[in-house]
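Inspection log for the structure reproduced underneath, given as structure tokens.
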Amino acid sequence: MQRSLTGIKPTNAPHLGNYLGAIRPALRLAQEYESFLFIADYHALTTVRDAASMRTNTYDVAATWLACGVDPTRIHLYRQSDVPEVFELTWVLACLIATGQLERGVSYKDGLAKGESPNAGVFNYPVLMAADILLYDAAVVPVGRDQLQHLELARDVAQRFNHVFGDDLLVVPEARITDAPLVPGLDGQKMSKSKGNSIPLFAPAKTLRKTVMKIVTGSEPLEAPAEAEGSTVFDLYQLLASEADARVMQESLRTPEYGWGHAKQALYEALEAELGPRRETYDALRADEAKLDELLEAGAERVRPIARATIRRVREAVGMRAR
Ligand code: TYM
């Protein structure tokens, strides 16, 4: 069975962009692929600066994966840092990547453009990400559009490794960009943990509704016809509702008695229908950190032999002792 793999950084509790861009598609792929889902804590370390946040966010992400439907007996769910073999591969890959390619990295370049001095973790971020993927021979990687550049680099370096050290040593992965490649946030910009424009996944229903009501819309009066196309509310609604329901919203917005407030209410209800039933599961899972630790450790135990086998193959291919 081919493998699918994706990760989420524990930099905050996951939001709707993570859900629609990666979690939902990854779980759909899990029906046809052996699936590897992980918490990218070493990647989070490029920005997270206190241990308590790292721990809390890690549990948040774990409970989110599980509440969204990960069956840990069938899907490999683990912490990136529980499989340190990833670093051995990171180094090998780094030796095949030109620094120029890393200098073109979006996050690194953005940091420089803002006048920051990005840490070396930000610079090397794509190398570690390539190692995450190649370590497990993943064929497909469901991600949002923001990760495409990283996937390109992972493909490039896998091809280079195979070219230099031997055909078919590493699986060349393919990005799976889904129907929600770039989910907008409350302000219409890409929904992002760092921008404060996120819709949280498992906040209480009341908070969820309040957040949805904050979505920026046109300011036409209720009676004026409003154009759904291109609005954040409609973009989000389309990702959650059936085509028929989306058409109803589109047509209703053109009528004098239906305005943005109604559209937001419909969006809230669609969100609640998708997430509401999982909220209790999330809360119960999140409350039991010992159990989450146990599940994550068991996940790591299961994937480590796969990681070791790749490392053995790679060491042998580059002329080191295979151990
Ligand atoms: P992270 O934690 O930023 O995001 C997790 C996933 O959510 C997707 N995503 C979005 N999709 C659509 N619209 C949005 N507004 C939106 N915001 C986030 C991201 O594209 C991502 O798929 N580098 C990764 C973590 C990672 C990884 C990996 C992923 C580390 N190693 C190996 C895949 C394979 C990241 O920062 O994700």
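The values are calculated or read from the model by the stated rules, or taken from the named source; none is laboratory data. Computed from a prediction, not measured in an experiment: that's the story for all the values here. A quick note on method: Cβ atoms are made from the backbone with ideal geometry, for glycine too, and the neighbour counts reach across all protein chains shown.
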Asp146 vs. criteria over 23 Å from Leu45 (Cβ atoms) and of a type in the set (D, E, K, R): no
Residue within the stretch 43-58 that is within 24 Å of Pro204 (Cβ to Cβ), touching a helix residue (DSSP H, G or I) at 6+ places or on another chain (Cβ under 9 Å), of a type in the set (A, V, I, L, M) and more than 12 Å from the ligand (Cβ to nearest atom) present: no
Any hit, the stretch 111-126, residues being near the ligand (Cβ under 8 Å from one of its atoms), more than 14 Å from the chain's Cα centre (by Cα) and within 30 Å of Arg312 (Cα to Cα): yes
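Has the stretch 243-250 got at least one residue that is acidic (Asp, Glu), free of Cβ contacts under 8 Å to residues at least 12 places away in the same chain and assigned to a helix (DSSP H, G or I)?
Our first condition is that a residue be acidic (Asp, Glu); within the stretch 243-250, this holds for 243, 245.
Now restrict to residues that are free of Cβ contacts under 8 Å to residues at least 12 places away in the same chain: 243.
Cutting the leftovers down to assigned to a helix (DSSP H, G or I) gives us 243.
Scanning the stretch 243-250, I find at least one residue that is acidic (Asp, Glu), free of Cβ contacts under 8 Å to residues at least 12 places away in the same chain and assigned to a helix (DSSP H, G or I), so the answer is yes.
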Lone unmet requirement of (1) crowded, with 21+ Cβ neighbours inside 10 Å; (2) not in a helix (DSSP H, G or I) for Asp187: (1)
Only one of Ala40, Ala30 that is within 12 Å of the ligand (Cβ to nearest atom), under 23 Å from Arg3 (Cβ atoms) and either modelled with pLDDT of 95 or more or assigned by TED's automatic domain parsing to the domain that holds Leu16 (or both): Ala40
